[in-house]
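Taken together, the values in this text are just the output of simple stated rules run on the coordinates, not laboratory data. Model, not experiment: these values are computed from the prediction. Using ideal geometry, Cβ is built from the backbone for each residue, glycine included, and neighbour counts are taken over all protein chains shown.
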Amino acid sequence: MKITRRDLAFIVVILALSITLYIHVQEHHLPPGKNIRKDLPEKVDKYVGLYVPPKAAATVSQTREESATVPEIKLPNIEAPLGQTQEPPAGIAGAEESQQMRDFIMWCKKRGIKLVGIKKEVNDFYYNGAAEEDFLPFDDIPNLHEVAAGLYEIPDPLLEAMEGKTFYLSHLRGRGYTVLGSWSDKNILANMDRGCILEQPLTKRQTIHEFAHILDYHGIQGVYEDPNNYWWYLKGVRDEIFAVGFAYDPRLRALPAGYMDVYSTANAAENFAQHFMYYILYGPEFRKKAQDDVLLQKKYDFFKKDLFNYLDYGL
Ligand SMILES: [Zn+2]
């Protein structure tokens, strides 16, 4: 077959038309994900500062369901910070993490322990009290697994001191605080539940230490007529063993006999809380030091026989 000039021209025109059509389709009918125009609204919103991730509402309501243990605290409709995705963590690790989270929430719920996320400093809570806008969904708070790991170490009978109380879990850095009561008429810790404020970085040590204050003040000493004063009969022994008979010096170099660390010499309450924490997390060290330290041995035996039902840790 012979190709004439006319045929050639025809082919060129067809080719040119095809290319034009192809470009047109590319510009106007690409899947949304590939269209550069799609980025525009996000960019504009980012600069205006009004970008609300579409899943924010779903996340909040999901958290509400999970935190059915906190009926009196309504979680506010919080916009996620800019640039932070609202997607749940992807992959198997993420799924496992959220399962562990759900397990922990259920675990607390069964024990009547409330979990609340917060975004305000302790001093602010102390003087201005708690309001709805101070609360956050607690399940995206960093290091929450440390709180779970710490509480899982504590035997159930002792956790009864915490029943009906709240762990306020903070996004902010700090050292934690025990909320022994709430005095709205005096504007002190107004509208707060009894319990503990735990601050970043959340650790097992901090969790167990703050819980120990609740056990000590409410469980043993029964301050502010706490209903969970189940260990009232231990008050005398507690006062005798944990009294600190000298002034606190945080820079103390030589540790006096009877103490695992300097902070526990601050006062009777810190003495109790620190040694309670050492009993659980540093069992072998505590036992070893107690071998030739009469006061430390007394402390160890007090925990072992009177509170932990002869449970030794780290054996
Ligand atoms: Zn303390």
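Between GLN221 and any residue 5 or more places off or on another chain, the built amide H atoms are never under 5 Å apart. Look at the alpha carbon pairs under 8 Å that are at least 6 residues apart: their mean separation over the length of the range 231-315 gives a relative contact order of 27 percent.
Which shape class, rounded, prolate or oblate, goes with the range 231-315 when its Cα gyration tensor gives a ≥ b ≥ c as root eigenvalues, a/c under 1.5 marks rounded, and past that a/b bigger than b/c marks prolate? Oblate, since a/c reaches 1.5 and b/c is not below a/b.
For the range 112-123, backbone phi angles converted through the Karplus equation (6.51, -1.76, 1.60; θ = phi - 60°) give residue-by-residue couplings of x, 9, 9, 10, 9, x, 9, 9, 9, 7, 4, 4 Hz, Gly and Pro being listed as x. About its Cα centre, the dipole of the range 229-293 is roughly 80 debye, where the only charges are +1 on Lys and Arg Cβ and -1 on Asp and Glu Cβ. Which of the trypsin sites (Lys or Arg not before Pro) found in the range 253-315 are loop residues per DSSP with 13 or fewer other Cβ atoms within 10 Å of their Cβ? Taking the range 253-315 and a limit of 13 other Cβ atoms within 10 Å, the loop trypsin sites (Lys or Arg not before Pro) found are ARG253. Scanning residues 5 or more positions from ILE188 or on other chains, those with amide H under 5 Å from its amide H are TRP183, with H placed 1.01 Å from N in the peptide plane.
Of the residues MET277, ALA247, LEU159, the one whose Cα sits farthest towards the positive end of the charge dipole of the range 126-280 is ALA247 (charges of +1 on Lys and Arg Cβ, -1 on Asp and Glu Cβ, taken about the Cα centre). Phi angles of the range 124-139 translate, via the Karplus equation with coefficients 6.51, -1.76, 1.60 and θ = phi - 60°, into HN-Hα couplings of 4, 5, 4, 8, 10, x, 9, 9, 3, 6, 7, 9, 9, x, 8, 7 Hz per residue; Gly and Pro are given as x. Positive-end ranking of LEU172, GLY94, GLY195 along the dipole of the range 91-245, with charges on Cβ about the Cα centre, is headed by GLY195.
Distant-in-sequence amide contacts of LEU172, defined by a placed amide H-H separation under 5 Å and a gap of 5 or more residues or a different chain, comprise GLN200.
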